[in-house]
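Below you'll find the structure I mean.
The values are calculated or read from the model by the stated rules, or taken from the named source; none is laboratory data. It should be emphasised that the depicted structure is a prediction, and the values quoted were computed from it without experimental measurement. Cβ: placed from backbone, ideal geometry, glycine included. Neighbour counts: every protein chain shown. These accessible areas exclude ligands, DNA and RNA; they are computed on the full protein's heavy atoms, side chains included. Shrake-Rupley method; radii C 1.70, N 1.55, O 1.52, S 1.80 Å.
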Amino acid sequence: MTELSGLAALLGTLVGLVLGLTGAGGGVLAVPALMLGLGMSLTDATPVSLVAVGAAASLGAAVGLRHRQVRYRAALLMSGLGILTAPIGVWLGHHLPQTLLVVIFCALMLLIAVRMLQQVLPHRSSDGGPRQEAVNCMLNPETGRFRWNTRCSVTLAGIGGVAGLFTGMLGVGGGFLIVPAFRQFSDLTMQAASATSLAVIALVSTSTVIGTLLHGGQISRVGWAFIVTTGVGMLIGRALAIWIP
């Protein structure tokens with residue numbers, strides 16, 4: 001048990017580090033780490049992942065708020081929709097075959113990886129120059145806040161709803177969807193997208209944890225070791241994030 005707790009602490013620190021650096025990847029790494037590294041089933045890994053990622057995201061969001069990086073109106077709108085759809089995901093997670101859930105999980109990981117890579121590669125227009133695209137949610141350069149309109153509101157609400165659904169169904173925080181979506185549909189910097197994503201994750205995960213525990217989810221001592229060290233890794237990651245392009 002001691003060796004298993006040590007491994008859980010190591011994995012938790014690494015997952016928190018990635019979550020702190022990027023605002024995403026916490027749940028999408030926590031679930032495989034718990035299943036492959038600690039031998040948990042997807043059902044057992046879900047509540048541990050949600051508590052670990054939710055608690056760590058709360059710490060990261062607090063740091064982001066202090067540095068004025070969180071777009072809090074966007075976070076509240078997205079988390080509101082996410083909280084509404086998360087119970088549907090929890091229900092699906094308890095009624096769909098585990099094999100199907102794992103396949104969905106892996107497919108999403110691959111899709112998001114491809115999309116993120118496409119976003120960091122240089123885009124060029126037909127005349128050979130950089131391609132400039134209008135996005136759904138534009139920032140006001142004078143205030144640093146979103147220019148709120150129907151298009152922006154619907155876009156952010158949709159992102160929050162989808163993230164909440166997968167949070168409940170797969171035990172992930174949703175950041176692996178939220179951060180790429182911010183990069184695709186808004187002109188937020190990576191730091192602001194990361195901080196705002198952490199705020200959404202914290203709010204949605206908290207409500208989803210309650211629903212998961214009410215459905216019989218339990219957390220072992222090894223799980224708590226993973227949870228605590230994920231928070232430690234998060235704080236390290238947020239401290240390092242400002243120095244990394």
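Express the Stokes-Einstein translational diffusion coefficient of the stretch 1-125 in µm² s⁻¹, to the nearest whole number, given a Kirkwood radius over alpha-carbon pairs, 10 °C and a viscosity of 1.306 mPa s.
96
Could you give me D for the chain, from Stokes-Einstein at 25 °C and 0.890 mPa s, where the hydrodynamic radius is the Kirkwood radius over C-alpha pairs? Units µm² s⁻¹, please. Intermediate results must be reported in sequence, preceding the final value.
Numbers: Rh = 17.9 Å.
Rounded, D is 137 µm²/s.
I've got another one for you. Sequence gap at least 6, Cα distance under 8 Å: using those rules, report the relative contact order of the chain to the nearest whole percent.
Relative contact order comes out at 46 percent.
Once Lys and Arg get +1 and Asp and Glu get -1 on their Cβ, which of S41, L92, F185 lies farthest toward the positive end of the dipole of the chain?
The residue sitting farthest along the positive end of the dipole is F185.
So for R147, R71, R115, what's the accessible-area order with a 1.4 Å probe, most first?
Result of the area sort, largest leading: R147, R115, R71.
As a test question: what accessible area, to the nearest 10 Å², does L110 have when a 1.4 Å probe is rolled over all protein chains in place?
Roll a 1.4 Å probe over it and L110 shows about 120 Å².
How large is the charge dipole for the chain, taken about the Cα centre, if only the Cβ atoms of Lys, Arg (+1) and Asp, Glu (-1) carry charge, to the nearest 20 debye?
Dipole size: approximately 540 debye.
How much accessible area per residue does the chain have, counting only protein heavy atoms and a probe of 1.4 Å, in square angstrom?
Using a 1.4 Å probe on heavy atoms only, each residue of the chain averages 49 Å².
For W148 and L84, what does the FRET efficiency come to when R0 = 22 Å and r is the distance between their Cβ atoms, rounded to the nearest 0.05?
0.60
Full-extension gain between L111 and Q191, please, as 0.36 nm times their residue separation minus the C-alpha to C-alpha distance.
Answer, rounded to one decimal: 26.6 nm.
Take Y72 and L121, extend 7 Å from each Cα along the Cα→Cβ direction, and tell me the distance between the two endpoints in nm.
Result: 4.0 nm between the two label points.
Working out 0.36 nm times the residue gap between L96 and Q184, then minus their Cα-Cα distance, what length gain in nm do you get to one decimal?
Values: separation 88, 0.36 × 88 = 31.68 nm, distance 3.04 nm.
Full extension from L96 to Q184 adds 28.6 nm.
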